Structure formats: structure tokens, C-alpha cells
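Okay, structure first, notes after.
The values are calculated or read from the model by the stated rules, or taken from the named source; none is laboratory data. Since this is a predicted model, take the numbers as computed values, not measurements. Cβ placement follows ideal geometry from the backbone for every residue including glycine, while neighbour counts extend to all protein chains displayed.
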């Protein structure tokens, strides 16, 4: 996402940069009300600045939330057409938001639709939120233009996925067998799983901190917790453990 240039209600916002080139020359009369749910304030600010210029994009950001309880409250109060939902949130994660908003999703008159927007591209995260009722899943590497297009497609009832993620869903729903329970993996929190995957992929602590919007010290704490819970000694053993379970 580009650096934020404006926020809701801020006077003297920066001039928009050539909207015709960025968003294809106007909204074509389209309009969608959106709630942003992500526990990183700077990321929400960046998304707001990127897609929330309503006259250019047709997207009106009507609310924001940083955890599960806030999300349910804001979504219930504003009844947006689309919710951009992070998978890993304090209070139970995106799946818990979906569970508590099931009645809103099922509303025949004014359904609230969910589009997952996450740094994670892990199969279990994708499958979990889709089973929970989300209409799509895109990663945070998506461009502003593509994100706006994905939001409108979800509003219209389409299913939207980043490249390769759709395969996870097809494989999961093609099988009638329940996925095996991994008791070791279940000991880890969602954030610990994120750190585990990135460590196993060879990322340095500083790179993980930047990608997850957390401090290096927090990354170190998560790695220590993962090693302790899995009874492993170092990141090399951790990488082998993750690779054996196809988590990388």
C-alpha cells in the first residue's frame, strides 16, 4: 500500500494523484460502503488513504476496528456492504468475527459480505475464513486498484482470491474428509503460526517485524514461545518441522 496521505476528517488533505491513471478514470456510478478491520492502525490508515477517496474510487469507508469486539460492534452499527477483514485479530481472529456476524451475512435484504485481507497466505487461514462465510481472500501485497475491484466484485456476490489461493479452497471443498488434527500446531497462537512460517521461509527477524508490523523484540518472543511449545532447539529444527507439515 502507498504511504497514507489523508485520513477521515483531516483538513487540508493532500491533492489526489492523477485518479484517472490510478483508478481508471472514475467510479462509473458505483458506490460501496466498507468497514476496515485490522489490528494495525498504520495499515488501516494506509488502506483508507489508498482506496477511501470516494469520488475517485466509489469506496466509502464508514468504520474501522482493531479487534473482534470492536469489529462486531462497528459492523452491526454501520451495516456496510463489504468488510475488509484481517485473519489474525485480538479476541479470536477473523473467524470469530464471521461467526458473530453470521446473521448479518445471511440477511436476504441487506447482506454484509466479507473479504479477507491478510499478510498470511497459509492454506489453513484461507480455508478457515472461507468456511466461516467470507466471499474471498486477498493478501496485503495487492495493489490499491485491484483491491477496489475486488471489493466491488464481492459486493456483487462474486468470489475473489489472490493468485494460487483459490487452489487451496478448491482442494479443501473437493474433499469430504475432515482435515487431520495436529495437536502440536494447535498449541500455537495465530501470530505464532505466522512467525513460524516466515522463519521457516528464511526471513530474518527484522524482515518478519516489518512484514507483520511488530517489533523485533516481539518477533524474538514469539520465536522463543514456538520453540518452547514445540520442544525444538533452534530455527533449523523449526524449519524442518514446518517443512514436514507443508506449512512453508
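Scanning region 186-207 finds one or more residues that are exposed (fewer than 15 other Cβ atoms within 10 Å of the Cβ), modelled with pLDDT of 90 or more and part of a helix (DSSP H, G or I).
Exactly one residue among 55, 50 is at pLDDT 90 or above and out of contact with any helix residue (DSSP H, G or I) (no Cβ under 7 Å at 6 or more places or on another chain), and that residue is 55. Filtering region 100-127 to residues that are in contact with a helix residue (DSSP H, G or I) (Cβ under 7 Å, 6 or more places away or on another chain) and within 13 Å of residue 137 (Cβ to Cβ) leaves 113, 114, 115, 116, 118, 119, 120, 121, 122, 123, 126, 127.
Within region 210-229, the set of residues being farther than 14 Å from residue 192 by Cβ and part of a helix (DSSP H, G or I) comprises 210, 211, 216, 217.
For the condition closer than 19 Å to residue 247 by Cβ and modelled with pLDDT of 90 or more, residue 122 does not qualify.
Within region 219-229, the set of residues being free of Cβ contacts under 8 Å to residues at least 12 places away in the same chain and buried (at least 16 other Cβ atoms within 10 Å of the Cβ) comprises 227 only.
Of the helices (runs of 4 or more DSSP H) lying entirely inside region 29-84, those containing at least 1 residues that are in contact (Cβ under 8 Å) with a residue 40 or more places away in the chain, in the same structural domain as residue 100 (by TED's automatic domain parsing) and closer than 23 Å to residue 132 by Cα span 68-78. For residue 232, the test of being outside the structural domain of residue 92 (by TED's automatic domain parsing), free of Cβ contacts under 8 Å to residues at least 40 places away in the same chain, part of a loop (DSSP other than H, G, I, E, B) and in contact with a helix residue (DSSP H, G or I) (Cβ under 8 Å, 6 or more places away or on another chain) is passed.
For the condition in contact with a strand residue (DSSP E or B) (Cβ under 9 Å, 6 or more places away or on another chain) and under 29 Å from residue 197 (Cα atoms), what is the one hit in 69, 121? Only one candidate passes the filter, namely 121.
Does residue 97 satisfy being in a loop (DSSP other than H, G, I, E, B), closer than 21 Å to residue 133 by Cα, in contact with a helix residue (DSSP H, G or I) (Cβ under 8 Å, 6 or more places away or on another chain) and touching a residue at least 60 places away in the same chain (Cβ under 8 Å)? In short, no.
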